[in-house]
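Notes follow once the structure below has been shown.
The values are calculated or read from the model by the stated rules, or taken from the named source; none is laboratory data. Quick caveat, the model's predicted, so the values are computed rather than measured. FYI the Cβ positions are ideal-geometry reconstructions off the backbone, even for glycines, and counts take in every protein chain you see.
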Amino acid sequence: MTASIVTLNSVDPDEDLIVRPPTSGIALRGTIRVPGDKSISHRALMLGSLAEGETTIAGLLIGEDPQSSAACFRKMGVEISELNSEQVKVKGLGLGKLREPTDILDCGNSGTTMRLMMGILAAHDGRFFSVTGDASLRSRPMSRVIKPLQQMGADIWGRQDNTLAPLAVRGRSLQGIHYHSPIASAQVKSCVLLAGLMAEGETTVTEPALSRDHSERMLRAFGATVNVDRDTHSATVSGGATLSGQSIIVPGDISSAAFWLVAGAIVPDSELVIENVGINPTRTGVLEVLQMMGADIEFLNQREVTGEPVADLRVKSSRLQGCEFGGEIIPRTIDEIPILAVAAVFAEGTTIIRDAAELRVKESDRLAVMASELNRMGAKITEHPDGLEIVGGTPLQGAEVDSYTDHRIAMSLAIAALNTRGKTIVHRAQAAAVSYPSFTSTLSSVIK
Ligand code: S3P
């Protein structure tokens with residue numbers, strides 16, 4: 001470990017991350033593990049809370065986002081043991097049996113907590129809930145879940161004409177619907193399907209492209225019937241289901257592994273093995289794009305763990321080429337576009353990312369922020385309404401950049417800084433704790 005290359009100034013209220021690669025350059029080497037998958041961690045806590053009996057969860061992500069989910073369900077009477085990555089126990093209350101909380105449910109920075117939970121709360125007939133989040137979450141669109149829930153008969157009120165949190169929900173008995181979602185969003189799909197489990201009749205969600213299917217897989221594991229039509233990107237559940245407690249093993253998060261895949265690819269003379277990474281095909285767009293760019297990535301030891309495909313991934317540095325991507329691959333690589341933008345900056349030629357306007361309503365406006373912060377380091381990125389055009393191959397210079405309190409931006413900028421001349425300061429780097437609290441220590445451990 002070369003401690004002086006990466007320093008986290010934790011005395012500073014902004015927790016700046018300082019990256020100072022030596023002029024001789026660095027290499028990244030080692031075998032590492034990434035924290036548990038964030039999407040699967042939320043779902044394990046939520047379905048565990050709604051199931052009859054006990055659920056045990058191994059490999060849970062101990063990040064701020066799952067802590068927000070756990071805190072909300074504890075406030076509604078669910079006993080959840082202290083979160084750790086070994087074993088978490090959830091004593092479920094059964095579908096429709098959450099208690100009315102005596103206080104506001106705070107989702108922190110977590111869009112998944114707020115949007116999935118809205119489907120659950122809306123179906124709790126006769127109970128009243130108020131829901132809020134941090135400044136970022138309070139600016140993110142909630143009408144995408146409020147509208148379908150209202151079609152099911154839900155009573156929801158929100159700021160700015162029912163579009164923004166804080167939200168108030170009065171639980172009602174809901175009717176199943178067929179919802180044609182205008183966006184490919186697993187959060188919208190999961191919200192409506194969760195409400196559908198407690199609604200009368202069948203509920204179907206059809207989306208324009210397939211989004212991550214962890215909810216469908218885990219609902220089946222908990223005993224619900226979920227019918228999926230892959231051709232029309234539709235999923236159907238029926239009301240009156242019962243879920244029973246399960247033993248869940250959460251695989252490592254491919255969205256966190258993506259930082260090491262890009263780091264290993266762009267930093268010369270590097271080789272990293274990332275063990276135990278979830279490779280659900282609705283999440284592997286990042287691997288496809290990196291392979292299209294010429295990255296050297298090998299899949300080792302492929303296996304299935306509690307209904308999710310898993311592998312160890314080996315990456316070796318290589319010369320990357322720019323590429324174009326958009327359309328149906330976007331939902332499968334939605335959270336990895338910031339780090340793919342970093343890969344593109346170090347690739348030969350131009351990369352064009354299209355159809356990614358959804359990035360503007362994530363934890364930050366990820367198109368605007370990645371363009372502005374990488375350009376501060378000397379990159380050549382032009383922002384478009386739905387994407388980025390990145391002219392690669394210009395060496396970067398260290399600069400002061402900001403995470404805009406977005407975890408994936410903080411980590412993407414830190415990886416870019418590894419291949420940069422001079423010192424980079426990433427302001428507000430503590431944001432990484434939302435999904436990857438040990439990011440800085442793993443980074444230090446792989447620098448050789
Ligand atoms: C998530 C779905 C995605 C993703 C988010 C987690 C989930 O959001 O960006 O980080 O766990 O369902 P959308 O479904 O809104 O695209």
## Note on the structure
By my count, strands (runs of 3 or more DSSP E) wholly in segment 82-179 with at least 2 residues that are touching a residue at least 40 places away in the same chain (Cβ under 8 Å) are 88-93, 128-132, 164-170
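So, in segment 48-90, how many residues would count as being of a type in the set (Ser, Thr, Tyr), surrounded by fewer than 19 Cβ atoms within 10 Å (Cβ to Cβ) and within 26 Å of Ser130 (Cα to Cα)? So that I can check it myself, show each step before the final result.
At the first step, the residues of segment 48-90 found to be of a type in the set (Ser, Thr, Tyr) are 49, 55-56, 68-69, 81, 85.
The next check asks that each one be surrounded by fewer than 19 Cβ atoms within 10 Å (Cβ to Cβ); those that pass are 56, 81, 85.
Restricting the remaining residues to those that are within 26 Å of Ser130 (Cα to Cα) gives 81.
Of the residues in that region, 1 qualify.
Conditions tested, residue by residue: (1) hydroxyl-bearing (Ser, Thr, Tyr); (2) over 23 Å from the mean Cα position of the chain (by Cα).
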site	(1), (2)
Gln175	no, yes
His178	no, yes
Ala186	no, no
Ser190	yes, no
Ala209	no, no
Gly264	no, no
Pro268	no, yes
Glu271	no, yes
Asn276	no, no
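Kindly indicate the residue of segment 249-261 that is aliphatic (A, V, I, L, M) and away from the ligand (no atom under 15 Å from the Cβ) and also farthest from Glu336 (Cα to Cα) among those meeting that condition. Steps first, please.
Of all residues in segment 249-261, those aliphatic (A, V, I, L, M) come to 249-250, 254, 257-258, 261.
Pick out the ones that are also away from the ligand (no atom under 15 Å from the Cβ) and you get 249, 261.
Numbers: Ile249: 23, Leu261: 11 Å.
Looking at the filtered set, the residue picked out is Ile249.
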### Summary
Ala221 fails exactly one of (1) within 13 Å of the ligand (Cβ to nearest atom); (2) aliphatic (A, V, I, L, M); (3) within 30 Å of Glu298 (Cβ to Cβ), namely (1)
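Anything in segment 106-134 that is within 16 Å of the ligand (Cβ to nearest atom) and β-branched (Val, Ile, Thr)? List them, or say none.
Let us first name the residues in segment 106-134 that are within 16 Å of the ligand (Cβ to nearest atom), namely 107-120, 133-134.
Across segment 106-134, the qualifying residues are Thr112, Thr113, Ile120.
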### Task
Sort out which residues of segment 330-362 are more than 13 Å from the ligand (Cβ to nearest atom) and in contact with a helix residue (DSSP H, G or I) (Cβ under 7 Å, 6 or more places away or on another chain), and write them in order of number.
Ile339, Leu340, Ala341, Val342, Ala343, Val345, Phe346, Thr351, Ile353
### Query
Quick check: is even one residue across segment 420-439 more than 30 Å from Arg144 (Cα to Cα) and assigned to a helix (DSSP H, G or I)?
yes
#### Entry: Condition check for Gly264: assigned to a loop (DSSP other than H, G, I, E, B) and away from the ligand (no atom under 16 Å from the Cβ)
no
### Query
From the set of residues in segment 28-75 that are away from the ligand (no atom under 16 Å from the Cβ) and among the β-branched types (Val, Ile, Thr), which is farthest from Leu300 (Cα to Cα)?
Thr55
### Query
When only residues in segment 400-429 that are buried (at least 24 other Cβ atoms within 10 Å of the Cβ) and not aliphatic (A, V, I, L, M) count, which is farthest from Arg360 (Cα to Cα)?
Thr424
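Look through Ile18, Ile62 and report the one residue that is in contact with a Lys or Arg (Cβ under 8 Å, 6 or more places away or on another chain) and either of a type in the set (A, V, I, L, M) or assigned to a loop (DSSP other than H, G, I, E, B) (or both). Reasoning before the result, please.
Values: Ile62 fails: in contact with a Lys or Arg (Cβ under 8 Å, 6 or more places away or on another chain).
Step by step, each of Ile18, Ile62 is checked, and only Ile18 is in contact with a Lys or Arg (Cβ under 8 Å, 6 or more places away or on another chain) and either of a type in the set (A, V, I, L, M) or assigned to a loop (DSSP other than H, G, I, E, B) (or both).
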### Task
Could you give me the residue pairs with C-beta distances under 7 Å whose first residue belongs to segment 395-412 and is under 20 Å from Thr23 (Cα atoms), whose second residue is of a type in the set (S, T, N, Q) wherever it lies, and which are 6+ apart or on separate chains?
Leu396/Asn419; Leu396/Thr420; Gln397/Thr420; Gly398/Thr420; Gly398/Thr424; Ala399/Thr424
### Query
When you go through Asp37, Asp14 one by one, which is the residue that is at pLDDT below 95, in contact with a strand residue (DSSP E or B) (Cβ under 6 Å, 6 or more places away or on another chain) and under 22 Å from Ser68 (Cα atoms)?
Asp14
### Query
Can you name every residue in segment 298-324 that is closer than 24 Å to Gly392 by Cβ and among the β-branched types (Val, Ile, Thr)?
Val315
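Taking segment 363-402, which residues are within 16 Å of the ligand (Cβ to nearest atom) and out of contact with any Asp or Glu (no Cβ under 8 Å at 6 or more places or on another chain)?
Step one: list which residues in segment 363-402 are within 16 Å of the ligand (Cβ to nearest atom), which gives 363-367, 369-370, 386-387.
Within segment 363-402, Asp365, Met370 qualify.
For segment 391-411, what are the residues that are part of a loop (DSSP other than H, G, I, E, B) and among the polar types (S, T, N, Q)?
Thr394, Ser403, Thr405
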### Message
Among the residues of segment 226-235, are any of a type outside the set (A, V, I, L, M, F, W, C), surrounded by 17 or more Cβ atoms within 10 Å (Cβ to Cβ) and in contact (Cβ under 8 Å) with a residue 40 or more places away in the chain?
### Response
yes
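Let's see how each residue does on (1) in contact with a Cys (Cβ under 9 Å, 6 or more places away or on another chain); (2) surrounded by fewer than 19 Cβ atoms within 10 Å (Cβ to Cβ); (3) part of a strand (DSSP E or B):
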{"site": "Val188", "(1), (2), (3)": "no, no, no"}
{"site": "Val192", "(1), (2), (3)": "no, no, no"}
{"site": "Ala195", "(1), (2), (3)": "no, no, no"}
{"site": "Thr203", "(1), (2), (3)": "no, no, yes"}
{"site": "Met218", "(1), (2), (3)": "no, no, no"}
{"site": "Gly223", "(1), (2), (3)": "no, yes, no"}
